[in-house]
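Trainee: Once you've had a glance at the structure underneath, I'll fire off some questions.
Values quoted throughout were computed directly from the atomic coordinates according to the rules given, and no laboratory measurement underlies them. Just so you know, these numbers come straight off a predicted model, no measurement behind them. A quick note on method: Cβ atoms are made from the backbone with ideal geometry, for glycine too, and the neighbour counts reach across all protein chains shown.
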Amino acid sequence: MFHSAVPSRFPAIQMVPEKLQGKLEYKSWATNIEAIAQSLDLWGIIAEDDESPPAQHKQYARSLLVLNVSPSVQMELQGMNAAEIWQHLERQYGLNGFTELSQAIRTLRRVKVTEFDSDPNLSKFYRTFKDAQALSREIAGAPIPDLTMTAILLDVIWETHEDLAFQIDSHMNNPNTPNSQKTFEYAFSRLRAEYTRQRANPYWSTAAVGSVHKDTWCAICSRRHADGKEA
């Protein structure tokens, strides 16, 4: 039988170190929530959908979950009791081993740098790669190897930054290149520098990103230019 150690006057909801926002936080989030719920003898309500406790206790268990997730996740939980919320979050955000890792890799290979034109420092583009690496660490116990990350990055940017991708590829294969430059961080710094340089060009356009060989129409004089110069 369920026995509640929670006093009739409930303590303030205990907050976990990091609210649940997505898959990367779920494992540690769930561990913290379980520890709090067990310390208050509320785990039966959450994990087993125990209907015997008073309504006040069930509402407290529900609040423990709802207040420890981000506002965007809270929107998913309307109308659910504590047990239903727990099951939903586990299905939605719990890691599913190889399937999740495979999806992360496919996402990386499909992403295009031009999708991030409003992000001048490419910070969101960078985070896409680093989140996949962190997800790999959670699932497999080790991150995606750095050189593999670099190879995926070059594959992703080849269409829009062919010259730069070729240069970095050659640099990585050069036996005289120091190991400190055979890294994802180095390759990405080269991409960011080139992207910043091109955006500073008055003739920059999404269609011309990464390809100085493509002619573009100048929005200023309505004439065709190549390599940033008037044709």
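Trainee: Taking H placed 1.01 Å from N in the peptide plane, check which residues at least 5 places from Leu20 or on another chain put their amide H under 5 Å from its amide H.
Mentor: Sorted by chain and number, the residues that satisfy this are Val69, Ser70.
Trainee: Which order results if Thr31, Thr160, Thr183 are arranged by neighbouring Cβ count within 10 Å, fewest first?
Mentor: Values: Thr31 11, Thr160 18, Thr183 15.
Neighbour counts put them in this order, fewest first: Thr31, Thr183, Thr160.
Trainee: If you stretched the chain out fully between Lys112 and Ser180, how much longer would it get, using 0.36 nm times the residue separation minus the C-alpha to C-alpha distance? Don't skip to the end; give the middle numbers.
Mentor: Details: separation 68, 0.36 × 68 = 24.48 nm, distance 2.64 nm.
Here the answer is 21.8 nm.
Trainee: Find out how many positive minus negative residues lie around Tyr126, taking Lys and Arg as positive, Asp and Glu as negative, among other residues whose Cβ is under 12 Å from that of Tyr126.
Mentor: Numbers: positive: Lys124, Arg127, Lys130, Arg192; negative: Asp119, Asp131, Glu185.
Computed value for this residue: +1.
Trainee: Ok, one more. So which GluC sites (Glu not before Pro) in segment 34-131 end up in coil per DSSP with only 15 or fewer other C-beta atoms within 10 Å? All intermediate terms of the calculation are to be shown ahead of the outcome.
Mentor: On the way: sites: Glu34, Glu48, Glu51, Glu76, Glu84, Glu90, Glu100, Glu115; in loops: Glu48, Glu51.
Counting only loop positions with at most 15 other Cβ atoms within 10 Å, the GluC sites (Glu not before Pro) in segment 34-131 are Glu48, Glu51.
Trainee: What FRET efficiency comes out for Asp155 versus Lys27 if R0 is 41 angstrom and r is the Cβ-Cβ distance? Round to the nearest 0.05.
Mentor: 0.90
Trainee: With contacts defined as alpha carbon pairs under 8 Å and 6 or more residues apart, what's the relative contact order of segment 121-194 in percent? Could you put the intermediate results ahead of the total?
Mentor: Numbers: 39 pairs, mean separation 21.2, N = 74.
Once normalised by length, the contact order is 29 percent.
Trainee: Still on this structure: Add +1 for every Lys or Arg and -1 for every Asp or Glu among the other residues with Cβ under 11 Å from the Cβ of Val66, and state the total.
Mentor: Working: positive: Lys19, Arg62; negative: Glu76.
After counting each charged neighbour, the total is +1.
Trainee: What distance in nm separates the two pseudo spin-label positions at Asn201 and Glu76, each 7 Å out from Cα along the beta-carbon direction?
Mentor: If labels sit at Asn201 and Glu76, their model points lie 4.2 nm apart.
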